[in-house]
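**Student:** One structure, pasted below without further comment.
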Amino acid sequence: MEIIVVDDEKMALENMQAILAREIPDAQVRFFRKPKEALEHVEQEHCDIAFLDVEMREMTGMELAQQIKEISPYTNIVFTTGYAEYAGKAMELHASGYILKPVTEEKIRIELENLRHPVEERPKSRLLIRTFGNFEVFFNGAPLDFQYKKTRELLAYLVDRKGALCTNAEIIKVLWNDEDESSKNSYLKNIRSDLLNGLRSVDCEEVISRQWGRMGIVPEKVQCDLYDFLKGDTRAINAYRGEYMDQYAWAVFRGHEE
């Protein structure tokens, strides 16, 4: 479960930190005193629940909630405030909950049991792939390294092909701009082994589908901004800034053609 807490009062954040640590110790929680920093986080990362104070100096919780919903419509918004008069506005925003301060464990527990949008369990060990900007691949938040630079490019091309099985000849033509398959077969064998060994080292070998002389990515086995974009995910759409796998000359973004 991914949670953010936004309140410009330090003591309020410390109280929420203590309560959430006791109630849901396995959750990933991020705390923010500046609403704009929280908004930037939501633009880049998944968020299941946002606990928002209403009265803040930089931006009101209502304004922040509206912007979060535009980026991530299924984030559960729970307001935490000392003012009852904002409850009507919270209903207009279709908030998940409204907690009057002081926040207590019981109040938090009730909101968690009655979320507007159910929280889906997300795999703890999952490959995260970024294609917007430069191509990057992470496992549990850490960059996944390979022996050869071409190995990363091979994985990038398979991701770009979105599950299509690619022949050795096709891969060689794209990665080396070479029509002669025989001249690069040995090198391709090495980087293919490097790719599989690297994925096997983090128990993610299943993200690659293989048949005789062909291989492809298994899209549902990875978390990828490109695939989220194609599904219509608002957060991924907002993250695209016209840059796609910039380090590779062959990469052409075709998301709007799908």
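**Student:** Within the range 136-181, track down each residue that is among the acidic types (Asp, Glu) and under 18 Å from the mean Cα position of the chain (by Cα).
**Tutor:** Glu136, Asp160 - these are the residues of the range 136-181 that are among the acidic types (Asp, Glu) and under 18 Å from the mean Cα position of the chain (by Cα).
**Student:** Taking into account only those residues within the range 14-30 that are touching a residue at least 12 places away in the same chain (Cβ under 8 Å) and farther than 17 Å from Glu111 by Cβ, which is most open to solvent (accessible area, probe 1.4 Å)?
**Tutor:** Step by step, filter the range 14-30, then rank; the result is Asp26.
**Student:** Let me ask you something else. Every residue in the range 54-74 that is in contact (Cβ under 8 Å) with a residue 40 or more places away in the chain, open to solvent by less than 20 Å² (accessible area, probe 1.4 Å) and under 15 Å from Ile4 (Cα atoms), please.
**Tutor:** Once the filter is applied, which keeps residues that are in contact (Cβ under 8 Å) with a residue 40 or more places away in the chain, open to solvent by less than 20 Å² (accessible area, probe 1.4 Å) and under 15 Å from Ile4 (Cα atoms), the range 54-74 yields Gly61, Leu64, Ile71, Ser72.
**Student:** Can I ask one more? Starting from the range 41-53, take each residue that is among the small types (Gly, Ala, Ser) and list its partners that are open to solvent by less than 10 Å² (accessible area, probe 1.4 Å), counting only C-beta distances under 6 angstrom and pairs at least six apart or across chains.
**Tutor:** From the range 41-53, the pairs are Ala50/Ile4; Ala50/Ile68; Ala50/Thr75; Ala50/Ile77.
**Student:** Please go through the range 205-224 and pick out each residue that is in a strand (DSSP E or B) and open to solvent by 90 Å² or more (accessible area, probe 1.4 Å).
**Tutor:** Correct list: Arg210, Gln211, Arg214.
**Student:** Okay, next question. Can you pull out every residue in the range 81-104 that is among the charged types (D, E, K, R) and under 31 Å from the mean Cα position of the chain (by Cα)?
**Tutor:** Scanning the range 81-104 gives Lys89, Glu92.
**Student:** If you don't mind, another one. Considering Lys101, Lys107, which residue is in contact with a Leu (Cβ under 9 Å, 6 or more places away or on another chain) and charged (D, E, K, R)?
**Tutor:** The conditions single out Lys107.
**Student:** Same structure, new question: Mind listing whichever residues of the range 226-236 are of a type outside the set (Lys, Arg) and more than 14 Å from Ile68 (Cα to Cα)?
**Tutor:** Leu226, Tyr227, Asp228, Phe229, Leu230, Gly232, listed by residue number.
**Student:** Now for a separate question. From the residues in the range 75-92 that are touching a residue at least 24 places away in the same chain (Cβ under 8 Å) and surrounded by fewer than 16 Cβ atoms within 10 Å (Cβ to Cβ), which one is nearest to Cys204 (Cα to Cα)?
**Tutor:** Gly82
The values are calculated or read from the model by the stated rules, or taken from the named source; none is laboratory data. These numbers come from a predicted model, not from an experiment. We place every Cβ from the backbone using ideal geometry, glycine too, and count neighbours over all the protein chains shown. Surface accessibility is based on the protein's heavy atoms, side chains included, excluding ligands, DNA and RNA. Shrake-Rupley method; radii C 1.70, N 1.55, O 1.52, S 1.80 Å.
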